[in-house]
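Where a number appears in this text, it was derived from the coordinates with a stated rule and is not lab data. Just so it is clear, the structure is predicted and the values come from calculations on it, not from any experiment. We place every Cβ from the backbone using ideal geometry, glycine too, and count neighbours over all the protein chains shown.
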């Protein structure tokens, strides 16, 4: 019986850490739904206010006051957004300083060690072997030119073998 070999090797048996867990995915969906509902409510509220303000007999002062209220709400929303962004930036800076920087330093140290190891192996192992092969090739060529030994070409095949 022949063994079948799976041509697709297992690359990584660990779960992907970037994929959100079901709880995180549910929370993200809830946040998205809440934002959409808030936007729809704000649009409806704005439409109702504009409708009532366009009725005859509405003072310009009322429109001005409503506009000022909308501007204040917009300022509050922008301030909350900026606070959230500043908080997220501080988390990112903390992550870079405390987790990514040590990893990069360790990687640089490992690369330096590997560079030294390859230099050592090149100087103390590869270079002497290459020089030995150079000398052996030179002696082999010297004997060949002198009419002496030809390595591997003096053997005569035997007729009785292979039957």
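Projecting label points 7 angstrom from Cα along Cα→Cβ for residue 25 and residue 71 puts them 4.6 nm apart.
On a full-extension model of 0.36 nm per residue, what is the gain between residue 87 and residue 38, subtracting their alpha-carbon distance, rounded to one decimal in nm? Before the final figure, lay out each step's value.
Values: separation 49, 0.36 × 49 = 17.64 nm, distance 2.27 nm.
So the chain would gain 15.4 nm between residue 87 and residue 38.
So if I average 1/r over every pair of distinct C-alpha atoms in the range 36-94 and take the inverse, what Kirkwood radius in Å does that give?
Numbers: mean 1/r = 0.0722 Å⁻¹.
By the Kirkwood definition, the hydrodynamic radius is 13.8 Å.
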